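Data first, discussion second: the structure below is written as structure tokens.
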Amino acid sequence: MTYTPEKPSIAEASDRLRERIPGWGVDLDPSDRPSVPRMQFDPSLSGAHWEFPERQPELWPRERSLEHKFLTPVFGTSCPPRGVSGVLRRHAYKRYSEARAAHWLLLLVADRVDALESHVRSFATLRPDNPITETGVLSEFSHHPVSSRYGVKRADLVHQPLDPIIVLAPWVAAGFATYRSFKLFRRAVTKRSAQA
């Protein structure tokens, strides 16, 4: 028996197993095995109706590594590259090999830029991003904020003083930039109306 310290029993001979179990060893003879012809390389046995698969139409230029001669026959289209992040992604694929760190670092930067672009785009919708609720800051006050930090070995305690800066600084900077833009626009409109 398996998983016990007893010595396993010796396997029975094939003849005895064939007598005891109906159909045992039916696939021992290669001529009776259905998978044997598939083990041989014969292109006519594949069942495919093509030499090379039909290519998916490329509706916009897609990213392609320097190492590859052409795009794969099928590729994803759910997230087309757009905006500044798309420019960064295209540059990473066009300029750097996948073996270079610059390729992957540019793709990481493009992901961050894409996140920023989607935050900015959310302000044009009826439900813009809400940094207060989406970051989980409100749960800090309702789920034992002090006892969950002290006396336990949490890995994130080291960077917690930086979290408000990292999370809030972009929003404060965006708010300040919006305020300054509005103020400059208002000053220009006032100046123009005073000249007229």
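What the table below lists for this structure:
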{"quantity": "Coil-residue chymotrypsin sites (Phe, Trp or Tyr not before Pro) of the range 93-171, DSSP, other Cβ within 10 Å capped at 16", "calculated": "F123, Y150"}
{"quantity": "Proximal charge balance of V87 [Cβ under 15 Å; K/R count +1, D/E count -1]", "calculated": "+3"}
{"quantity": "Candidates per GluC sites (Glu not before Pro) in the range 63-169, loop by DSSP, up to 14 other Cβ within 10 Å", "calculated": "E67, E98"}
{"quantity": "Farthest positive-ward along the chain dipole, Cα basis, beta-carbon charges - from V146, V120, G23", "calculated": "V120"}
{"quantity": "Packing-based order for 172-180, 151-159, using average beta carbon neighbours within 10 Å, highest first", "calculated": "172-180, 151-159"}
{"quantity": "Using alpha carbons only: equivalent-ellipsoid semi-axes of the chain, gyration tensor based, whole Å", "calculated": "61, 34, 16"}
{"quantity": "H68-D27 pseudo-label distance in nm [points 7 Å out on the Cα-to-Cβ vector]", "calculated": "3.5 nm"}
{"quantity": "Kyte-Doolittle mean at least -0.5, axial Cα span of 24 Å or more - DSSP H helices of the chain", "calculated": "101-122, 163-195"}
{"quantity": "Electrostatic dipole magnitude of the chain [Cβ: Lys, Arg +1; Asp, Glu -1; Cα centre; debye, to 20]", "calculated": "1860 debye"}
{"quantity": "Sum of -39500 (n - 2.57) over DSSP H runs of 4+, divided by residues of the chain (222 nm, nearest 500)", "calculated": "-14500 deg cm²/dmol"}
{"quantity": "Choice from R90, R127, R64 with maximal GNM fluctuation in the chain (Cα, 10 Å cutoff)", "calculated": "R127"}
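Here, each number is a calculation from the coordinates, and none is a lab measurement. Everything numeric in this text was worked out from a predicted model, so none of it was measured. So basically every Cβ, Gly included, is an ideal-geometry build from the backbone, and we count neighbours across all protein chains shown.
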